[in-house]
Ligand SMILES: C[S@@+](CC[C@H](N)C(=O)[O-])C[C@H]1O[C@@H](n2cnc3c(N)ncnc32)[C@H](O)[C@@H]1O
């Protein structure tokens, strides 16, 4: 039995009842989300599912636009999972992994910005950006040009939903751009033209760049994922670069109903082999990847950290060791030449 004091975080008041903002019930927003539910495949919808997680953990992610972008259906589904976890006094409440992941990328992005920022505008490229709102959320991007790359349907829908937030209403949503510039690049990163599209949108290969690959690599085939990483590595020979990415290990992609493809058990070996340096790998629950949200020593993430990474199955209970690795790496002309 877990000591209640060990459980973290304390459930926020809105977990006791799902109260959605009135903006979600306007005709325009309802129509847009109805189209998502009826027309989008699971891959596209993963953008809204992720936003739902961030919305229900907004007390830590501070993502105030996530509810609008997630929509009622996804929010309700996610909320039901949280309710069930709370009822069962689960050691890990649904979405905690998303909350930690969001905060990890935020903190590493902030550090990368202060490392790479010079007089020039820094470029921040989000591949598979989905409903990410960092351009509106992070003050550290005030001298950055943010590029959001995703399928046309996702980016067009995102723009339409955000447009709804700008219509003057009694309960006004606050939407202020924090980035210096934002460009949305409609592209499939499995193709070969996404870089050209990025450049057409103003990306300059010679300028310092932070690449963010959050929740995207495992949706690609192994061949496509490696190709994307190699492409970024090639650009790292031209300028200072920081790459932030999350990787699933093999057991994570083997769960039933999983649609995940690419996995990597040793991203800390893969990235140097592609030309990156200074690779640092964290697991959920590590000191830089827990943000006070995983204090229970017996929760799944803390337990996994005690099992060697080469072990695929928990020797105590036979469950697969599903890990998510949070990885940062750098590249620069001097190191790679
Ligand atoms: C799980 S969501 C993550 C979104 C965002 N990075 C976040 O953390 O909120 C995955 C996103 O990757 C996008 N995506 C998947 N495959 C893609 C591809 N081949 N090209 C461009 N975007 C892709 C999906 O449309 C979706 O928006």
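Give me log10 I(q)/I(0) at q = 0.06, 0.11 Å⁻¹ for the chain, Debye formula, one equal scatterer per alpha-carbon, no solvent.
Reported log10 I(q)/I(0), two decimals: -0.21, -0.73.
How many percent of DSSP beta bridges within the chain run antiparallel, rounded to 5?
Bridges in the chain that DSSP calls antiparallel: roughly 40 percent.
Can you compute the modelled spin-label distance between residue 204 and residue 238, with each label point 7 Å from Cα toward Cβ, in nm?
Spacing of the two 7 Å Cα→Cβ label points: 1.1 nm.
Have a look at 38, 277, 22 and tell me which one the Gaussian network model of the chain (Cα, springs below 10 Å) gives the largest fluctuation.
38
Extending each Cα 7 Å along its Cβ direction at residue 17 and residue 188, get the distance between those two points in nm, one decimal.
Spacing of the two 7 Å Cα→Cβ label points: 4.7 nm.
Express the Stokes-Einstein translational diffusion coefficient of segment 224-337 in µm² s⁻¹, to the nearest whole number, given a Kirkwood radius over alpha-carbon pairs, 4 °C and a viscosity of 1.567 mPa s.
My calculation gives 84 µm²/s for D.
Among 190, 54, 101, determine the one that fluctuates most according to a GNM of the chain built with springs between C-alpha atoms less than 10 Å apart.
Maximum among the listed residues: 190.
If packing is taken as the average count of other Cβ atoms within 10 Å, what order do 83-90, 177-184 fall into, highest mean first? Provide the component values of the computation, followed by the final result.
On the way: 83-90: 13.2, 177-184: 16.9.
Ranked by mean Cβ neighbours within 10 Å, highest first: 177-184, 83-90.
Take the alpha carbon atoms of segment 227-254, find their center, do the same for segment 27-42, and report the distance between the two centers in whole angstrom.
A separation of 32 Å, based on Cα centres.
Treating the Cα atoms of segment 13-87 as identical point scatterers in vacuum, please give the log10 of the normalised Debye intensity I(q)/I(0) at q = 0.26 Å⁻¹, two decimals.
Debye curve over Cα of segment 13-87, log10 I(q)/I(0) at q = 0.26 Å⁻¹: -1.29.
What does the helix-only formula give at 222 nm for the chain: each DSSP H stretch with n ≥ 4 adding -39500 (n - 2.57), the total divided by the residues, and the result rounded to the nearest 500 deg cm²/dmol?
Per the formula, -12000 deg cm²/dmol.
Give the peptides 68-79, 191-202 in descending order of average Cβ contacts within 10 Å, highest first.
Details: 68-79: 21.7, 191-202: 14.4.
Top to bottom by mean Cβ count within 10 Å: 68-79, 191-202.
With springs only between Cα atoms under 10 Å, which of 64, 175, 131 fluctuates most in a Gaussian network model of the chain?
175
Laboratory data are not the source of any read-out in this text; all were calculated from the coordinates shown. Worth saying up front: this structure is predicted, and the values here are computed from it rather than measured. Glycine also receives a Cβ, built like all others from the backbone with ideal geometry; neighbour counts cover every protein chain displayed.
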